[in-house]
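Student: The structure under discussion is supplied below as structure tokens; questions concerning it will follow.
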Amino acid sequence: MAKELVKGNIAIARAAINAGCQCYFGYPITPQSEIGEYMGAHLPQMGRVFVTAESELASINMVIGAGTTGAKAMTSSSSCGIALMQEALSAMCIAEVPGVIVSVMRGGPGLGNIAPSQGDYFQALKGGGNGDYKLIVLSPSTVQEAIDLTYRAFYLALKYRNPVMLLAEGMLGQMMEPAEFGEYPYKDPDVTQWALGCSHNREARNLVSLYMPEGALEAKINKIFEKYELITKNETTYEEYMLDDAKLVLTAFGTVGRIAKAAVNKAREVGMKVGLFRPVTLFPFPDKELHEVAKNTDLILDLELNKGQMLSDVRSAVFGACPVEFYGRSGGGLLSPDDIFAKIQELYEKIDNKKAAGVV
Amino acid sequence: MGRIVLDRDVCKGCYLCIKACPKALLKKSSKPNNHGFFPAEFTDDKNECIGCAQCAMNCPDAAIREVYR
Amino acid sequence: METLVYKRPESLLKAEKGGGFTFCPGCGHGVILRTIAELLDEFNIQKDTIAIASVGCSVFMERFLDLDVAGASHGRSTCVATGIKRCKPNNFVLTYQGDGDAATIGFNETIHTACRGEHITTIMINNTNFGMTGGQASATTMLGQVTTTTPYGRKAEETGYPLHAAEIVAQCEGTAYSARVAVSDTKNIRALKKTIKKAFEVQLKGLGYGFVEVLAGCPTNWHMTPTEAVEQIENVIKTVHPLGVFKDITEKESV
């Protein structure tokens, strides 16, 4: 298939349809409303399910219902809408119900604004829901990667029976760039061993999030955490760029990753040894891999469109192997390659000075 | 002539069956069941039961398992 | 020769294996679950049914009915049911909820499900309080009713007026059937079965949303004996939440 010019939100919707998404439940919110619009225009025509729900609470609970039948189900929303979904996301994890949630971040807290942001890293990774659970979180930096990760989101949701969140920034949803829609590359797992439906030739099943007998909840939590270990082992994905000789390594996720890459190129042009480490899966976070990078560099600069949320995971991965600095903007402010380059220059000098003084 | 089969260990002694029986054939037992409730007890010495199943219908615990007429 | 005129329904087998219901003595849930089980047997749809367990004492349905069950968070049962029914249109989908769930925290979901005309059936048990959490006031609590959060009786100027779910659901265009019945005496229990049967039929015929509100006793939280509780339904609650069929589109067809 040839490349075509496509908008991020539309690309995600089209990719979901290609991936076999049987039903979409959603409620409009900027900056991702095009996803619901596209689904509304196409799914019913294909004999698939589209419902405009009365709220995000309703959407995600419809996804749960569809998920319990083993269907590929999806919803999409943005920051404050995702906030409303948290109780259901926690319930999905413990009941092991699959589903895909697209979160196109806007400025927060509160209603915030509709400018791009990465303020919902904690919301996606550290949970607003109750109890011990984890979402699988995928972070695209280009429209092409948004397509590929949408495919992967549906596959991982069914494979691990866990909700998967595609975490994109508003600008990725709104930007147009050339991308290619390949075939859905995965073989979907069998759902007949657990999905609800007709129980003529088997025992009745239940998929609930309530575990009252003593020890039952702990046993179930241990089971899903064993699964999370497996996910970490099998699915951790990241991008490394110019790391071999890097004295300063940038860490960034999503679209900030590509902005950072431009800054790396600029720094390399003037002979500064700068590289980039970009996690693609935010859970599982590439802990070990980032730690190895940290051992071989002098400084890490974490870049985010928030007040430093992934920073806590970066620091815990680095675990003292090198110093970690943070540079970010919040509330809808953007980082340009020039901003980042200026920060690189400032920090790079420090590394050199410290080296000269024998500190590092 | 009718009769009922009452599962005395499932009965929780709410006595709604006593209220429902048109022939007053159910009464509170003097012996507690496995759970410590004094269950309802069916006695029909004069073969008065008409098998109307009102007791079973009103029983919140489905403790009246079968009704015969 | 004697004939069997009543038998505990097959669909309740799970409850029997588990040693019976675990509800409080005199609780209305048992009669309603038994009635549902009888109808599942009569329609022979037990193996095709997916039920939604909601939050509250109603969640125990999952332990007693031998069905495929999906759990739902507080008030979201009809959303989960919507997702299921849309993906499995040939399955019979049933939500079993309390008044705290369907008429209080989840009334928005109930209304929208009715307006969408989802082909599902909701049985809402109304005991005019939050039973499982210890008898707090719910949306359906009557004026003057003493609960743990209205210890001096519900006052309109403080907590407003009781919500009449079956009447409101009947207003929605997608609703095929909406009625209120009670678990209080033989006559009403017969009506309960007839009513739930109707609500099942509208789903089986694909006519729209079926909603049955059942007034049921909560002797523990009402601080009454089971006998006093059914009298309370007959003498007091029925005057606030009147029994009746508020919508039945099959009636209109036959006229």
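Student: Quick one: count up the residues across the stretch A:134-163 that are outside any helix (DSSP H, G or I) and touching a strand residue (DSSP E or B) at 6+ places or on another chain (Cβ under 9 Å). It would help to see each step written out before you state the result.
Tutor: Start the filter on the stretch A:134-163 by keeping residues that are outside any helix (DSSP H, G or I), which leaves A:134-142, A:161-163.
Then keep just the ones that are touching a strand residue (DSSP E or B) at 6+ places or on another chain (Cβ under 9 Å); that gives A:134-142, A:162-163.
So the count comes out to 11.
Student: Check whether at least one residue in the stretch B:35-46 is out of contact with any strand residue (DSSP E or B) (no Cβ under 7 Å at 6 or more places or on another chain), aliphatic (A, V, I, L, M) and buried (at least 16 other Cβ atoms within 10 Å of the Cβ), and report yes or no.
Tutor: no
Student: Quick check on the stretch A:52-72. Is at least one of its residues in contact with a Gly (Cβ under 8 Å, 6 or more places away or on another chain), closer than 16 Å to A:GLY36 by Cβ and acidic (Asp, Glu)?
Tutor: yes
Student: Can you tell me which residue is nearest to the other protein chains (Cβ to nearest Cβ) among those in the stretch C:58-75 that are in contact (Cβ under 8 Å) with a residue 24 or more places away in the chain and buried (at least 24 other Cβ atoms within 10 Å of the Cβ)?
Tutor: Filtering the stretch C:58-75 for residues that are in contact (Cβ under 8 Å) with a residue 24 or more places away in the chain and buried (at least 24 other Cβ atoms within 10 Å of the Cβ), the one nearest to the other protein chains (Cβ to nearest Cβ) comes out as C:LEU67.
Student: Which count do you get for residues in the stretch C:63-102 that are under 15 Å from A:ASN206 (Cβ atoms) and assigned to a helix (DSSP H, G or I)?
Tutor: Of the residues in that region, 6 qualify.
Student: Any chance the stretch A:61-68 includes a residue that's modelled with pLDDT of 95 or more and either under 30 Å from A:SER330 (Cα atoms) or not in a helix (DSSP H, G or I) (or both)?
Tutor: Step one: filter the stretch A:61-68 for residues modelled with pLDDT of 95 or more, giving A:61-68.
After this cut, where a residue has to be either under 30 Å from A:SER330 (Cα atoms) or not in a helix (DSSP H, G or I) (or both) as well, the list is none.
Within the stretch A:61-68, none of the residues are modelled with pLDDT of 95 or more and either under 30 Å from A:SER330 (Cα atoms) or not in a helix (DSSP H, G or I) (or both).
Student: Condition first: touching a helix residue (DSSP H, G or I) at 6+ places or on another chain (Cβ under 6 Å) and within 22 Å of A:ALA153 (Cβ to Cβ). Can you find one or more residues in the stretch A:242-251 that meet it?
Tutor: Within the stretch A:242-251 (the criterion being touching a helix residue (DSSP H, G or I) at 6+ places or on another chain (Cβ under 6 Å) and within 22 Å of A:ALA153 (Cβ to Cβ)), the answer is no, since none of the residues qualifies.
Student: Counting only residues that are farther than 19 Å from C:THR122 by Cα and more than 9 Å from chain B (Cβ to nearest Cβ), how many does the stretch C:15-41 have?
Tutor: Start the filter on the stretch C:15-41 by keeping residues that are farther than 19 Å from C:THR122 by Cα, which leaves C:15-27.
Of the ones still in play, those that are also more than 9 Å from chain B (Cβ to nearest Cβ) are C:17-18, C:22.
Counting residues in the stretch C:15-41 that are farther than 19 Å from C:THR122 by Cα and more than 9 Å from chain B (Cβ to nearest Cβ) gives 3.
Student: Looking at (1) under 14 Å from the mean Cα position of the chain (by Cα); (2) outside any helix (DSSP H, G or I), which one does A:PRO109 not meet, given that it meets all the others?
Tutor: Only one criterion in (1) under 14 Å from the mean Cα position of the chain (by Cα); (2) outside any helix (DSSP H, G or I) is unmet by A:PRO109, namely (1).
Student: Just to be sure I understand the filter: pairs with C-beta atoms under 6 Å, separated by 6 or more residues or on different chains, first member in the stretch A:208-220 and farther than 17 Å from A:ARG161 by Cα, second member assigned to a loop (DSSP other than H, G, I, E, B) and acidic (Asp, Glu). Which pairs pass?
Tutor: Cβ pairs passing all conditions: none.
Student: For the stretch B:39-62, give me each residue that is within 10 Å of B:LYS12 (Cβ to Cβ) and more than 10 Å from the chain's Cα centre (by Cα).
Tutor: Step one: of the stretch B:39-62, the residues within 10 Å of B:LYS12 (Cβ to Cβ) are B:39-40, B:59-61.
Of everything in the stretch B:39-62, those that are within 10 Å of B:LYS12 (Cβ to Cβ) and more than 10 Å from the chain's Cα centre (by Cα) turn out to be B:PRO60, B:ASP61.
Student: Regarding the stretch C:243-255, can at least one residue be identified that is under 18 Å from C:ARG180 (Cα atoms) and of a type in the set (S, T, N, Q)? Lay out the reasoning, then the answer.
Tutor: The first filter runs over the stretch C:243-255 and keeps only residues under 18 Å from C:ARG180 (Cα atoms), leaving C:243-251.
With the extra rule that they be of a type in the set (S, T, N, Q), the set shrinks to C:250.
Yes: the stretch C:243-255 contains one or more residues that are under 18 Å from C:ARG180 (Cα atoms) and of a type in the set (S, T, N, Q).
Student: Condition (residue is modelled with pLDDT of 95 or more, within 22 Å of A:GLU183 (Cα to Cα) and part of a strand (DSSP E or B)) applied to the stretch A:37-59: is it met by at least one residue?
Tutor: yes
Student: Quick check on C:GLN136: is it more than 16 Å from C:PRO162 (Cβ to Cβ), more than 8 Å from chain A (Cβ to nearest Cβ), of a type in the set (S, T, N, Q) and in contact with a strand residue (DSSP E or B) (Cβ under 7 Å, 6 or more places away or on another chain)?
Tutor: Numbers: more than 16 Å from C:PRO162 (Cβ to Cβ): no; more than 8 Å from chain A (Cβ to nearest Cβ): yes; of a type in the set (S, T, N, Q): yes; in contact with a strand residue (DSSP E or B) (Cβ under 7 Å, 6 or more places away or on another chain): yes.
No: the conditions fail for C:GLN136.
Student: Here are some residues: A:LEU125, A:LEU217, A:LEU135, A:LEU210. Which one is of a type in the set (A, V, I, L, M) and either surrounded by 23 or more Cβ atoms within 10 Å (Cβ to Cβ) or on the phi > 0 side of the Ramachandran plot (or both)? Show your work before the answer.
Tutor: Details: A:LEU125 fails: either surrounded by 23 or more Cβ atoms within 10 Å (Cβ to Cβ) or on the phi > 0 side of the Ramachandran plot (or both); A:LEU217 fails: either surrounded by 23 or more Cβ atoms within 10 Å (Cβ to Cβ) or on the phi > 0 side of the Ramachandran plot (or both); A:LEU210 fails: either surrounded by 23 or more Cβ atoms within 10 Å (Cβ to Cβ) or on the phi > 0 side of the Ramachandran plot (or both).
After applying the criteria, what remains is A:LEU135.
Student: Can I ask one more? Check whether at least one residue in the stretch A:290-313 is farther than 14 Å from A:LEU250 by Cβ, of a type in the set (A, V, I, L, M, F, W, C) and surrounded by fewer than 23 Cβ atoms within 10 Å (Cβ to Cβ), and report yes or no.
Tutor: No - not one qualifying residue is present in the stretch A:290-313.
Student: Among the residues of the stretch C:99-118 satisfying the criterion of being among the acidic types (Asp, Glu) and more than 14 Å from C:GLY83 (Cα to Cα), which is surrounded by the most Cβ atoms within 10 Å (Cβ to Cβ)? Spell out how you get there, then give the answer.
Tutor: Narrowing the stretch C:99-118 to residues among the acidic types (Asp, Glu): C:99, C:101, C:109, C:118.
Next, from what is left, pick out any that are more than 14 Å from C:GLY83 (Cα to Cα): C:99, C:101.
Details: C:ASP99: 30, C:ASP101: 32.
Among residues in the stretch C:99-118 that are among the acidic types (Asp, Glu) and more than 14 Å from C:GLY83 (Cα to Cα), the one surrounded by the most Cβ atoms within 10 Å (Cβ to Cβ) is C:ASP101.
Student: Here is a check on your reading of the model: is C:GLY28 in contact (Cβ under 8 Å) with a residue 40 or more places away in the chain and under 12 Å from the mean Cα position of the chain (by Cα)? Explain how you work it out, then say what you get.
Tutor: Details: in contact (Cβ under 8 Å) with a residue 40 or more places away in the chain: yes; under 12 Å from the mean Cα position of the chain (by Cα): yes.
In short, yes.
Student: From the list A:GLY26, A:GLY36, A:GLY67, A:GLY47, pick out the single residue that is in contact with a strand residue (DSSP E or B) (Cβ under 6 Å, 6 or more places away or on another chain) and within 12 Å of chain C (Cβ to nearest Cβ). Break it down stepwise before answering.
Tutor: Values: A:GLY26 fails: within 12 Å of chain C (Cβ to nearest Cβ); A:GLY36 fails: within 12 Å of chain C (Cβ to nearest Cβ); A:GLY47 fails: in contact with a strand residue (DSSP E or B) (Cβ under 6 Å, 6 or more places away or on another chain).
Exactly one residue qualifies, and that residue is A:GLY67.
Condition check ((1) under 19 Å from the mean Cα position of the chain (by Cα); (2) without any contact (Cβ under 8 Å) to a residue 24 or more places away in the chain) across all residues:
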{"residue": "C:GLU10", "(1), (2)": "no, no"}
{"residue": "C:LEU13", "(1), (2)": "no, no"}
{"residue": "C:GLY20", "(1), (2)": "no, yes"}
{"residue": "C:CYS24", "(1), (2)": "yes, no"}
{"residue": "C:GLU38", "(1), (2)": "yes, no"}
{"residue": "C:ASN44", "(1), (2)": "no, yes"}
{"residue": "C:ALA51", "(1), (2)": "yes, no"}
{"residue": "C:VAL55", "(1), (2)": "yes, no"}
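Student: Exactly one of these conditions fails for C:GLU38: (1) touching a Gly at 6+ places or on another chain (Cβ under 9 Å); (2) assigned to a helix (DSSP H, G or I); (3) surrounded by fewer than 24 Cβ atoms within 10 Å (Cβ to Cβ). Give me its number.
Tutor: Checking C:GLU38 against (1) touching a Gly at 6+ places or on another chain (Cβ under 9 Å); (2) assigned to a helix (DSSP H, G or I); (3) surrounded by fewer than 24 Cβ atoms within 10 Å (Cβ to Cβ), the one that fails is (1).
Student: To continue, here is another question. Got a sec? Which of B:ARG8, B:ARG69, B:ARG65 is more than 7 Å from every other protein chain (Cβ to nearest Cβ) and modelled with pLDDT under 95?
Tutor: On the way: B:ARG69 fails: more than 7 Å from every other protein chain (Cβ to nearest Cβ); B:ARG65 fails: more than 7 Å from every other protein chain (Cβ to nearest Cβ).
Residue meeting the stated conditions: B:ARG8.
Student: For A:THR52, state whether it is over 25 Å from A:ASP188 (Cα atoms), within 11 Å of chain C (Cβ to nearest Cβ), surrounded by fewer than 24 Cβ atoms within 10 Å (Cβ to Cβ) and touching a residue at least 12 places away in the same chain (Cβ under 8 Å). So that I can check it myself, show each step before the final result.
Tutor: On the way: over 25 Å from A:ASP188 (Cα atoms): yes; within 11 Å of chain C (Cβ to nearest Cβ): yes; surrounded by fewer than 24 Cβ atoms within 10 Å (Cβ to Cβ): yes; touching a residue at least 12 places away in the same chain (Cβ under 8 Å): yes.
Judged against the criteria, A:THR52 is a match.
Student: Are there any helices (runs of 4 or more DSSP H) wholly within the stretch A:196-297 with 3 or more residues that are closer than 17 Å to A:ILE340 by Cβ, and if so which?
Tutor: A:255-269
Student: Residues C:TYR209, C:TYR152: which one is crowded, with 22+ Cβ neighbours inside 10 Å, more than 30 Å from B:TYR15 (Cβ to Cβ), away from chain B (no Cβ under 14 Å) and not polar (S, T, N, Q)?
Tutor: Values: C:TYR152 fails: crowded, with 22+ Cβ neighbours inside 10 Å.
Of the residues listed, the single one that is crowded, with 22+ Cβ neighbours inside 10 Å, more than 30 Å from B:TYR15 (Cβ to Cβ), away from chain B (no Cβ under 14 Å) and not polar (S, T, N, Q) is C:TYR209.
Quick grid of which residues meet (1) free of Cβ contacts under 8 Å to residues at least 12 places away in the same chain; (2) in a loop (DSSP other than H, G, I, E, B):
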| position | (1), (2) |
| --- | --- |
| C:THR104 | no, no |
| C:MET124 | no, no |
| C:GLY134 | no, yes |
| C:THR141 | no, yes |
| C:GLY144 | yes, yes |
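The values are calculated or read from the model by the stated rules, or taken from the named source; none is laboratory data. What you see is a predicted model, and the numbers here were worked out from it, not measured in a lab. As a convention, Cβ positions derive from the backbone with ideal geometry for all residues, glycine included, and neighbour counts pool all protein chains shown.
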